Amino acid sequence: MYFWINISLFIIYFVVVISCVVVVVSENKNPIRALSWTLALLFLPVIGVVFYLFFGRSLKGKAMVSRKVRRKLLEKSRPKQHSFDNTGLNADQIQKVKLAHNLCHAHLDRNNSVEIFTDGKSKFKRFMQDIREAKEFIFIQYYIYSDDRIGNEILNLLAEKVKEGIRVKVLYDHVGSFSTSNKFFRRMHLLGIDSHPFFRVTFRKLANRINWRNHRKIAIIDGRIGYIGGMNVADRYVEVSPDGRIWRDTHLRVQGPVIESMMYSFALDWNFLRPEVNVQPISPVGFEDAGDVDMQLVTSGPVDKWNNLVLCYQQAIASAKKRVYIQTPYFLPTDSLLKALQGAALSGVDVRVMIPEKTDSRMLGYGSRSYIDDCLRAGVKFYLFTPGMLHAKTMIIDDDFVTTGSVNFDFRSFENNFEANLLIYSESVNAEMREIFFKDISYSRKLTLSKWRARGRFERMMEALVRLFAPIL
């Protein structure tokens, strides 16, 4: 009897595995990703199936909000943009603008100002001052909101603004903020702050939600000031760790018409959570031209028809004539992006990639390093940032283009996370970002192919192993 029970269980499991493989092959048009999942399903009994149910399924084509709500948000937030003529941008820039617009209706917002922060102390000092001066509303969206010193300082400021009659809304990612106690967020509610987790993970919806994270970091104050970048709300951005290491990140403070685009992004995410209220975004207050910087806000997510930021990155790298400089905490590029970087380097473009020497994830660290040999052989220059955790997400192209925001140079950010980046068309911002990049190079260790190939056998083995599963990490 036990024999037949075991045979029956084996047949059931075999059918489940084959069914999952069929779904993987039919759903995933990326053959590398499909192969990774197929290997996991075939060679990791039971675990492979469980991992696929939690992390392997696709949300492509599934709407976060209804078309009706999305259309209302678009109509209420701004007029349609039909032409990019007479912008003063060059042909390469206009091509980037058109691509982003066709992917996700990204407006070309002109005459903005940008202030760049590379350390948490100065960023949060300015951010909290802007909160103190808020007169109408404060909208905040972070992947991680921590119950620590900086988190409580901001919470207390927000509570004071609520007492003044100012509307305060906070979005945070449920998985990203797992380490923050429910007690902290209950206190936030009791203080009158309208706060909600994005994709709340419950036992009933565990498999449907745990893999998709809202990784965006956007804040809007009075429709006049916006913040976007890589920093979360956490002490690690403002304090040096006991071993003397720092978290180095990049964040922007912007003013100008781009705030409208940020409002639209926030309104979409808010309506996904609270569809019964706030169907239309609150129009920003009037503002005069804030500066001379042109930019687009590009959002991406697992529900989008296209991998928006992958295509923007790929087109930007392919168009580069002088340089491509990248800073990222994790370097797990799609096959198309890896080939784009190799092609640029082999054609004489100065391609440089900077990652942290020590990451906050050992597995992602092995995955990132598995691509270094391929890049070095093509002439890509690689740097390991030594003072601490490099968390900046920046790409600099030639003399007039920069993109920065929340997206890491890895599969998860490009395919599974909800992300937001600014595409910036400006020689002055490009020059400032290049200066920051070379300052970071002075604190980094440059790799050479001969020294890299001399690393230990265990490291090589771990890199090769993790590389197999890079597309599903």
- Message: With a cap of 13 neighbouring Cβ atoms within 10 Å, and only residues DSSP puts in a loop, list the trypsin sites (Lys or Arg not before Pro) found in segment 75-165.
- Response: 80, 135
- Message: Suppose all protein chains stay in the model; what accessible area per residue would a 1.4 Å probe give for segment 125-182, in Å²?
- Response: 42
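Dividing the alpha-carbon radius of gyration of segment 306-465 by 2.2 N^0.38 Å (N being the number of residues), what value is obtained?
In units of the globular-protein estimate, segment 306-465 measures up at 0.98.
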- Other residues with Cβ under 15 Å from the Cβ of residue 328 give, with Lys and Arg +1 and Asp and Glu -1, a net charge of +1
- Distances over 18 Å make up what percent of all Cα-Cα pairs in segment 297-384? 46
- At 1.4 Å probe size, with every protein chain present, just tell me what the per residue accessible area of segment 367-424 comes to in Å². 14
- At a 1.4 Å probe radius, which order do 189, 391 fall into by accessible area, largest first? 189, 391
- Near residue 191, within a Cβ-to-Cβ distance under 12 Å, what is the net charge of the other residues, with Lys and Arg +1 and Asp and Glu -1? +2
- Note on the structure: Of 443, 264, ordered by accessible area with the largest first and a 1.4 Å probe, the sequence is 443, 264
- Residue-level accessible surface for residue 426, protein heavy atoms, 1.4 Å, Å²: 10
- Query: With all protein chains present, how much of the accessible area of segment 342-473 (probe radius 1.4 Å) comes from carbon and sulfur, to the nearest whole percent?
  - Reply: 53
- Taking H placed 1.01 Å from N in the peptide plane, check which residues at least 5 places from residue 408 or on another chain put their amide H under 5 Å from its amide H. 413
- Task: Could you please report the charge total around residue 451, scoring K, R as +1 and D, E as -1 over all other residues with beta-carbon less than 12 angstrom from its beta-carbon?
- Result: +3
- Query: If all Cα-Cα distances of segment 127-268 are sorted into 5 Å bins from 0 onward, what percent lands in each bin, rounded to whole numbers?
  - Reply: 2, 10, 18, 22, 21, 15, 8, 4, 1
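The values are calculated or read from the model by the stated rules, or taken from the named source; none is laboratory data. It should be emphasised that the depicted structure is a prediction, and the values quoted were computed from it without experimental measurement. Cβ atoms come from the backbone with ideal geometry, glycine included; neighbour counts cover every protein chain shown. For accessibility, only protein heavy atoms count, side chains too; no ligands or nucleic acids. Shrake-Rupley method; radii C 1.70, N 1.55, O 1.52, S 1.80 Å.
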